[in-house]
Each structure stands twice: as structure tokens, then as C-alpha cells.
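Read the structure below first, then the notes.
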Amino acid sequence: MDTTSHQVVFDLFAKGYDGGPDFAARLKFALVAILVGLLVTLWSRMTRRRIPWVLVLGLTGVGTARVVAQLAITYRQYELLREAVRKGEYTTVEGRVTDFHAGDTHIPESFRVSGHQYTYYSSRLSVAFNRDSASGGPIRNGRRVRLTDVNGSIVRLELSP
């Protein structure tokens, strides 16, 4: 396939680490948890009702801890994939998509290209490509693609017009 005829639709390394998928939503979750914790504390002081600190810390801590953990997981995954590409430990796979099975948040999406099998869940935390067709993903049976594959993770996806 000709290099100039491909459209890049996903490139993990094009803009650097950006917090991973749905970072903005996770950050909003943590901020809302912190805000709720602060409001509960303020309310308890204004009404002179005693609210156990465990409750307040739980409200604020759970949201914040969740975001920090997810950031750590996605950043580590990003670094491992970037290091593999830097070392040349990747495969470029080109061809037509076959055996395509659409997925959603509960069912994995899967397909084959030139004998390579790919399976991913859109609902699983990953910095690699995992946008299924139910959420607007571009993979379809018969579509010509070029993938950069690191141990089964798609770090770059190009489509042929």
C-alpha cells in the first residue's frame, strides 16, 4: 500500500501523554468528590452537626485516589509502549480487515488483518487504540488498514481511502 494514501486516525505518540482516555471526565469526578467533601464539612460546621471525618475523607479520598491510580496506570502503559517503539519492538501490519465482530462496553471488538488477531474492550482502561464501532470506531470488514502493533496493542492506526 502506498504511504501517501493513508489517513492517520489514531497515533498514541503524536501529541505525547495526555492523561489517557477520558482524563477530563476522571478529573471532573475527582473535583466533584473534593467539592462534595468540602461542602459536607462546611454544612456540618454551619449546622453544628458532627459528621465523622471518615465520611468526609472517604468522599474526597476515593475520587482523588481513583484519578491518581488511573493516571499512574495509563502513564506506565504509555511509557512501556513508547519504549518498545523506540527499541523497534513493533510490527507493522497492513491489509484488509476480516472476521470483524463489533463490540460494545460489555463485548470485546475483534478483527483480523493479515493473520494478526486484535481484540479490545472500549470500557477497559488503555492508552492503546480501543474505540469500538459502537462509539464511532473506524474498523469495518473489508477496510484496508495499516497498524503499528506492540504485542497486540495498536499504537498507530491508518486507514486507506
**Request:** Report whether or not VAL68 is aliphatic (A, V, I, L, M), closer than 21 Å to HIS6 by Cβ and not in a strand (DSSP E or B).
**Result:** no
**Asked** So which pairs qualify, if the first residue must be in segment 139-161 and in contact (Cβ under 8 Å) with a residue 40 or more places away in the chain and surrounded by fewer than 21 Cβ atoms within 10 Å (Cβ to Cβ), the second must be outside any strand (DSSP E or B) and of a type in the set (Lys, Arg), the Cβ gap must be under 7 Å, and the two must be at least 6 apart or on different chains?
**Response** LEU159/ARG143
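Which is among the β-branched types (Val, Ile, Thr), part of a strand (DSSP E or B) and touching a Lys or Arg at 6+ places or on another chain (Cβ under 6 Å), of VAL97, VAL93?
On the way: VAL93 fails: touching a Lys or Arg at 6+ places or on another chain (Cβ under 6 Å).
Residue meeting the stated conditions: VAL97.
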**Message:** If I ask for residues that are surrounded by fewer than 17 Cβ atoms within 10 Å (Cβ to Cβ) and touching a residue at least 24 places away in the same chain (Cβ under 8 Å), which ones from segment 81-94 would you list?
**Reply:** ALA84, VAL85, GLU89, THR91, THR92, GLU94
**Request:** Sort through GLY142, GLY152, GLY136 and tell me the only one that's among the small types (Gly, Ala, Ser) and within 17 Å of ARG86 (Cα to Cα).
**Result:** GLY152
**Prompt:** If you check every pair at least six apart or on different chains, which have Cβ atoms under 6 Å apart with a residue in segment 25-50 that is free of Cβ contacts under 8 Å to residues at least 40 places away in the same chain first and a residue that is of a type in the set (Asp, Glu) and assigned to a helix (DSSP H, G or I) second?
**Reply:** none
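Each row is one residue, and each column tells you yes or no for (1) assigned by TED's automatic domain parsing to the domain that holds ASN151; (2) over 21 Å from LEU159 (Cα atoms); (3) in contact with a His (Cβ under 6 Å, 6 or more places away or on another chain); (4) crowded, with 18+ Cβ neighbours inside 10 Å.
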| position | (1), (2), (3), (4) |
| --- | --- |
| VAL68 | no, yes, no, no |
| ILE73 | no, yes, no, no |
| GLU79 | no, yes, no, no |
| THR98 | yes, no, no, no |
| GLY103 | yes, no, no, yes |
| GLU109 | yes, no, no, yes |
| VAL113 | yes, no, no, yes |
| HIS116 | yes, no, no, no |
**Item:** Residue satisfying condition, being part of a helix (DSSP H, G or I), within 28 Å of the chain's Cα centre (by Cα) and aliphatic (A, V, I, L, M), within set LEU42, LEU35
**Value:** LEU35
**Message:** I want to confirm something. Restricting to segment 125-138 and keeping residues that are in contact with a Gly (Cβ under 9 Å, 6 or more places away or on another chain) and outside any loop (DSSP other than H, G, I, E, B), which single residue is surrounded by the fewest Cβ atoms within 10 Å (Cβ to Cβ)?
**Reply:** ALA134
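Matching residues to (1) under 29 Å from LEU38 (Cα atoms); (2) touching an Asp or Glu at 6+ places or on another chain (Cβ under 7 Å); (3) among the basic types (Lys, Arg); (4) modelled with pLDDT under 95:
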{"position": "GLY63", "(1), (2), (3), (4)": "yes, no, no, yes"}
{"position": "ARG76", "(1), (2), (3), (4)": "no, no, yes, yes"}
{"position": "GLY88", "(1), (2), (3), (4)": "no, no, no, no"}
{"position": "VAL93", "(1), (2), (3), (4)": "no, yes, no, no"}
{"position": "ASP99", "(1), (2), (3), (4)": "no, no, no, no"}
**Request:** For segment 103-124, state whether one or more residues are within 16 Å of THR148 (Cα to Cα) and not in a strand (DSSP E or B).
**Result:** yes
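The values are calculated or read from the model by the stated rules, or taken from the named source; none is laboratory data. Every value quoted in this text rests on a predicted model; they were computed, and no experiment measured them. Virtual Cβ from ideal backbone geometry, glycine too; neighbours counted across all protein chains shown.
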